[in-house]
Amino acid sequence: MSAAKSKKSSAKTAPKKARSKTVPAVEPEGPYAKTETATAPLEKRIGEVIRQRRLSANVTLAALGLGSGMSSAMLSRIENGMASASLDSLDRICSALGIAMADLFQEVDQKSGEAQLIKREEQMEVVRVGTKYGYSYSLLSYNRGPRKSFEPFLVEMTEQSEAWPRFSHPGTEFIFMLEGSLEYRFGDKTYLLEPGDALTFAGNVLHGPERMVDNNAKFISIIVYAD
């Protein structure tokens, strides 16, 4: 057999090389689907919240359509941000899902909200009633909600803080002790606060430090205001 013939024969019997196949990535569906960013249009964010609520409740588009008096096609367009829903339509959709419309918009706001990091060196010292008595207040958040719904402070006291003023304000106050020990008065009661202790109380009752057990004290104070 000639060399040319042998070469031709081996070429016929050589196995074919497998061709690679690219499989397109599939976007996740259901509760773990990718949510829209804060820059997405409002109707897109509203639709995403409705979709997530519907899926978490195991409600089909057809069932939601029966409950809201809307077609599945229109609901699908609303969920995908392709159509704007009127307030009346949103009210019917929320009723069918068993949620309040306020809850819907609250979730929409949460998805479009912002995070704020304030580094230690950027925390602003502010003047409050206790400042003239030797207390130091560092404001831990500049974004306190549209109606100043809360105020978080880092409060530091030293042995120079000899006076013990009493405070009164609206809302609820939460204290978390970080360093040192402190007796804290609330109304006619006193509480010993040590590192790791937490105290929550109504702000409209007279309160304030009663006595420093150590030479210094440091705690987080968060005041949450009522709507």
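For H169, the residues whose modelled amide H falls within less than 5 Å of its own, excluding neighbours fewer than 5 places apart on the same chain, are N204, V205. Taking a sphere under 15 Å around the Cβ of I93 and counting the other residues whose Cβ falls inside, with K and R at +1 and D and E at -1, yields a net charge of -1. Under a model in which nothing but the beta-carbon of Lys, Arg (+1) and Asp, Glu (-1) is charged, the stretch 35-106 shows a dipole of about 140 debye around its Cα centre.
The alpha carbon gyration tensor of the stretch 91-217 gives principal lengths a ≥ b ≥ c with a/c of 1.5 or higher and a/b greater than b/c, which makes the shape prolate. Charge tally for L64 (other residues, Cβ to Cβ under 14 Å; Lys, Arg +1; Asp, Glu -1): +3. Note on R77: accessible area approximately 100 square angstrom, rounded to 10, probe 1.4 Å, nucleic acids and ligands left out.
Accessible area ranking (1.4 Å probe, heavy atoms, ligands and nucleic acids excluded), largest first, for V59, V155: V59, V155. Given +1 at the Cβ of Lys and Arg, -1 at the Cβ of Asp and Glu and no other charges, the dipole of the stretch 90-227 around its Cα centre is 340 debye to the nearest 20.
The values are calculated or read from the model by the stated rules, or taken from the named source; none is laboratory data. Note that the structure is predicted; figures quoted are calculated from it, not measured. Ideal geometry is used to build each Cβ from the backbone, glycine not excepted, and the neighbour counts take in all protein chains shown. Ligands, DNA and RNA are excluded from the accessible area calculation, which covers all protein heavy atoms including side chains. Shrake-Rupley method; radii C 1.70, N 1.55, O 1.52, S 1.80 Å.
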